[in-house]
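Worksheet: one structure, shown below.
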Amino acid sequence: MKKIILLFALLITTVFYSSAQTITWADDVACIVYTHCTRCHNNTPNSIAALSFVSYNDMYSQRHAIDLYIDNGNMPPFLTSNKHHRFVDEKSLTQKEIDLIHQWVKQGCVQGNVANAPTPPVIALPQPTFSAPDISVRVPNFTVPITTTENFRQCFILTNPSTAVKYLSAIEVVPNTLRAIYSVYVYADTSSIPVAKDSADTSLGFENFGSISPSAKPLFGWMNGSLPYYYPTSFGLQIDSGSRIIAQVDYAEDAGGKVDSTLINLQFSPVLRAIESKLILSHNNNLIHPPFLVKADSVQTISESYTVNTDQSFYGVMPMLHYLCTQLNVIAVSPLNDTTNLADIPYWGAIWSQGYFMYNQPIHIKAGSTIYATATFDNTYLNNNNPNNPPQNITGGSTADDEEMLFYFQLSSYAIGDETTVMLDSTPHLAHYLNCQATHTPSGVEEIQNNEINIFPNPCNEELRIAIDELRLKNSGVEIYDLVGRKVLTLLNQKSEIINVSALPAGIYLLKIISDKKTFTQKFTKQ
């Protein structure tokens, strides 16, 4: 049959067939949600998220938004892809878990026998686990100021300079409130810059959004659900003599009036192998095409490079970018042109950055290899995270209105066998809540061919056009949902490829085309 002409590049979308077996909340989905979602999404004072995912009704009301966010990889919020490497304390879903949720939504979100579901978890504040830490310090009782912005980060100098080099063997961050805090970064800094910033700020601590100083070395990053971190036996992260320990706390936009006194515990030990926290790539020194400038009303790709002179073992990577960045990739290219991916983040979100992404096992970087970092920056009004309206020319800086492009690495000199014998985390996947398991297995998937569906223009103003095989479109049902799962438009027996969306408020929506035994979905933006 005749095809509707496609005007834009077509997108491959994955859809699922109906299966003889029925995926249910009780038998399959509750286990996944309680393991990966409820830690942040709950109905207690310890919830950092606005939505609660504890009951079947919670999930049903948000089913389409959940389906979309899982599909695009934004939830759970673990930024870097695990297609190339596994990471310590990885929060991502397995493909089976993703497929189960997709199929559950497609089948109508069947509840099933509630007696089969695990008992909902009780979310309590994390408790310290170190029995005898070498350093145990708290953020002084800090009342978060009432602010209308969500980019408020306060830094606190917690210890005086040490007279000797220390080797960090374990670290944990224990907040006294979860609802107020997005993340906590722990640094060691030998410079006087933090002291000067602290003296200049009349409040307790000092406000600082980005990097604290050129000499500050990140030690650890915490976000809700993060576990204490232990280095392998005989390994330790070097903390230089004269270092102060500094905590940088990223407070939630509705944290005003809450009191924070986050606890940080550190353990040291003698080591045979010292690991260094080092800034390898910086917009100040490593740009391939300087200067660092993101022009207003533009989408730009910027690249950095650095050549490694000796064989090294890389243990983790920490990107530090702000709100204009939308995606990034870091690779190592050996002298023989072998490429190793070090970080692949298709959807960057500064709010979900968590310090170092530590590899399960070290990566051997050979002498003469070049490390390349490439990031895309969207400095247009279409970037909802853009702090400037209208957009402004942006240069490098450490405020929320500036941008940075910094990449720290934890590394050491390479020893033969590091990449196979050193294990930073042997857990292949987050342990399931109460050791629960999904009862069913998702059915196979079919990929829509690249000549079957597209929507345009995207973003749109008045009309949205559907490009799809006209047989599939004929007599199909069309539904549009907003990002909190509310159905905002229903068209039965759709006969035209044109949909009038002029009445919809500006925002991001999910379009669903229900045809025969298939459901086609696509995201679009209404201007």
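The values are calculated or read from the model by the stated rules, or taken from the named source; none is laboratory data. All figures in this text were calculated on a predicted structure; none of them were measured in a lab. Cβ: placed from backbone, ideal geometry, glycine included. Neighbour counts: every protein chain shown. We work out accessible area using only protein heavy atoms, side chains counted, and drop any ligands, DNA or RNA first. Shrake-Rupley method; radii C 1.70, N 1.55, O 1.52, S 1.80 Å.
Things worth noting here:
- Three-way shape call for segment 143-204 based on the alpha-carbon gyration tensor, with the a/c threshold at 1.5: oblate
- Accessible carbon and sulfur surface of segment 78-161 relative to its total accessible area, %, 1.4 Å: 52 percent
- Cα-only radius of gyration and Dmax that characterise segment 376-439, units Å: 21.5, 54
- Peptides 431-443, 270-282 ranked from most to least packed, by the mean per-residue count of other Cβ atoms within 10 Å: 270-282, 431-443.
- Anisotropy class of segment 104-151 from Cα gyration tensor, a/c 1.5 cut: oblate
- Kirkwood Rh (inverse of mean 1/r, distinct Cα pairs), segment 137-271, angstrom: 15.2 Å
- Rg over Rh for segment 67-183 works out to 1.06, using Cα positions for both radii and the Kirkwood form for Rh.
- Pairs from LYS83/LYS526; LYS166/LYS217; LYS83/LYS366; LYS197/LYS217; LYS83/LYS512; LYS91/LYS258 whose Cα-Cα separation, in the structure shown, is over 24 Å: LYS83/LYS526; LYS83/LYS512; LYS91/LYS258
- Rg(Cα) / (2.2 N^0.38 Å) computed for the chain, rounded to two decimals: 1.03
- Computed in the context of the full set of protein chains, the accessible area of segment 285-376 at 1.4 Å probe radius has 50% of its extent on carbon or sulfur.
- If only the Cβ of Lys and Arg carry +1 and only the Cβ of Asp and Glu carry -1, the dipole of the chain around its Cα centre is close to 680 debye.
- Available extension along the chain between ASN388 and THR525 is 47.3 nm, counting 0.36 nm per residue and deducting the alpha carbon span.
- Around the amide H of THR439, modelled in the peptide plane, lie the amide H atoms of ASP28, all under 5 Å away and 5 or more residues distant in sequence or on another chain.
- The residues of segment 215-365 expose on average 37 square angstrom of accessible surface per residue, using a 1.4 Å probe on protein heavy atoms.
- Computed from the Kirkwood radius of its Cα pairs, the Stokes-Einstein diffusion coefficient for segment 252-395 at 37 °C and 0.692 mPa s stands at 186 µm²/s.
- Taking every DSSP beta bridge that has both ends in the chain, the antiparallel portion is near 95%.
- Packing order of peptides 194-205, 302-313, highest average first: 302-313, 194-205 (average count of other Cβ atoms within 10 Å over each peptide's residues).
- Cysteines in the chain lacking any other cysteine Cβ under 4.7 Å from their own Cβ: CYS37, CYS40, CYS109, CYS155, CYS325, CYS460.
- Radius of gyration (Cα atoms) of segment 200-244, expressed as a multiple of 2.2 N^0.38 Å: 1.55.
- Only Cα pairs under 8 Å and 6+ residues apart enter the sum, and on that basis the relative contact order of segment 312-381 stands at 48 percent.
- For segment 199-326, the square roots a ≥ b ≥ c of the C-alpha gyration tensor eigenvalues yield an a/c of 1.5 or more together with a/b not exceeding b/c, which makes the shape oblate.
- Contact order normalised by residue count of the chain, Cα under 8 Å, 6+ apart, percent: 20 percent
- Reducing segment 27-87 and segment 168-229 to their Cα centroids gives an inter-centroid distance of 27 Å.
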